[in-house]
Amino acid sequence: MTILKMKTLNILSVIFFSLFLFSCEDAIDIDLKEGKQALVVEGWLTNKPQPHYVKLYYTAATSANAEFQMVAGASLTLKDDAGNSEQLREVSPGKFEISSIHGVDGRVYTLDISTPDGNYEAVALMKRISVTPDSLTFKYEEKSAIYEYEGYYPRISGQELEGKGDYMQIRLYKNGKYLNSDGDFNLFEDKWVDANYIDNAELAVERPFSKSDTIKAEVWSLTEDSYRFWVDIQTQLQNGQLFASPLANSRTNVKKVSAGARDVIGYFGASLVTSAEAEIK
């Protein structure tokens, strides 16, 4: 099983992270050209019983104080391959709510976006979850050359389904708080573990846990494309830039469908989500 650790940034507020979250402690000065402003599409649909949103805004300057300008007044339509369709409601400038369409295993979702900058389309497949966790356990480790901090490290177990080409993300919550610090992000693929039982696979954490902590591990299904999207984001973060300019190799599933449309980056994805939760005793 392949595990990727990625830095996270706090510039996007829901899943698309909630997808990019920032945890740097020291300011870093980076001399970058500003680049042409692009449209950003941020959205993710799941089977979780909670509101889901799509956000539209423009890229900002690379300055840490730069503000993201929301794109108000757009028209967004979401439909699936089962014949369902809805016009998304703008609940605040640039923030559009998905209210009637829900995440279902195997369905394909198409998001149509119409803005003064042009028309766009994003297509997302909701893949199966290849590992449903049957246990979440913890092992105490002393400080060592391998473990920077002493404490309890999480381990997850579950049967991986037969059939190569499965990808997933595991998100951790400590006492109800989503862990978004550097080192808490886990991505997996089944290239080497197809159809095997995953026994006590250790998850990456920024800091280990303590007794009485309640930990939840959420497993999110990913397509190969959305998995590679996160790999691309990791590479950009290592280069010290995220959405500073629309890089030529920046992966996105949002396509222009009208001539002369503004450049676009970002992602609209779909994931099934399941979880395991345990208290450290």
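The values are calculated or read from the model by the stated rules, or taken from the named source; none is laboratory data. Owing to the predicted nature of the structure, the values given are computational and were not obtained by experimental measurement. Note that each Cβ is placed from the backbone with ideal geometry, even for glycine, and that neighbours are counted across all protein chains shown.
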Evaluation of T274 against (1) buried (at least 18 other Cβ atoms within 10 Å of the Cβ); (2) at pLDDT 90 or above (one fails), failing number: (1)
Could you list, in sequence order, all residues of the stretch 115-145 that are exposed (fewer than 15 other Cβ atoms within 10 Å of the Cβ), over 25 Å from I170 (Cα atoms) and of a type in the set (S, T, N, Q)? S144
Exactly one condition in (1) surrounded by fewer than 20 Cβ atoms within 10 Å (Cβ to Cβ); (2) in the same structural domain as V264 (by TED's automatic domain parsing); (3) modelled with pLDDT of 95 or more is not met by S226; state its number. (1)
Within the stretch 92-113, the residues that are surrounded by 15 or more Cβ atoms within 10 Å (Cβ to Cβ), over 19 Å from the mean Cα position of the chain (by Cα) and either assigned to a strand (DSSP E or B) or of a type in the set (D, E) (or both) are D112, I113
Among the residues of the stretch 90-104, is there at least one that is within 18 Å of P49 (Cα to Cα), out of contact with any Gly (no Cβ under 8 Å at 6 or more places or on another chain) and among the hydroxyl-bearing types (S, T, Y)? yes
Do we find a residue being on the phi < 0 side of the Ramachandran plot and assigned to a loop (DSSP other than H, G, I, E, B) anywhere in the stretch 167-175? no
Can you name every residue in the stretch 183-206 that is crowded, with 17+ Cβ neighbours inside 10 Å and over 14 Å from the mean Cα position of the chain (by Cα)? E189, D190, V193, I198, A201, L203, A204, V205, E206
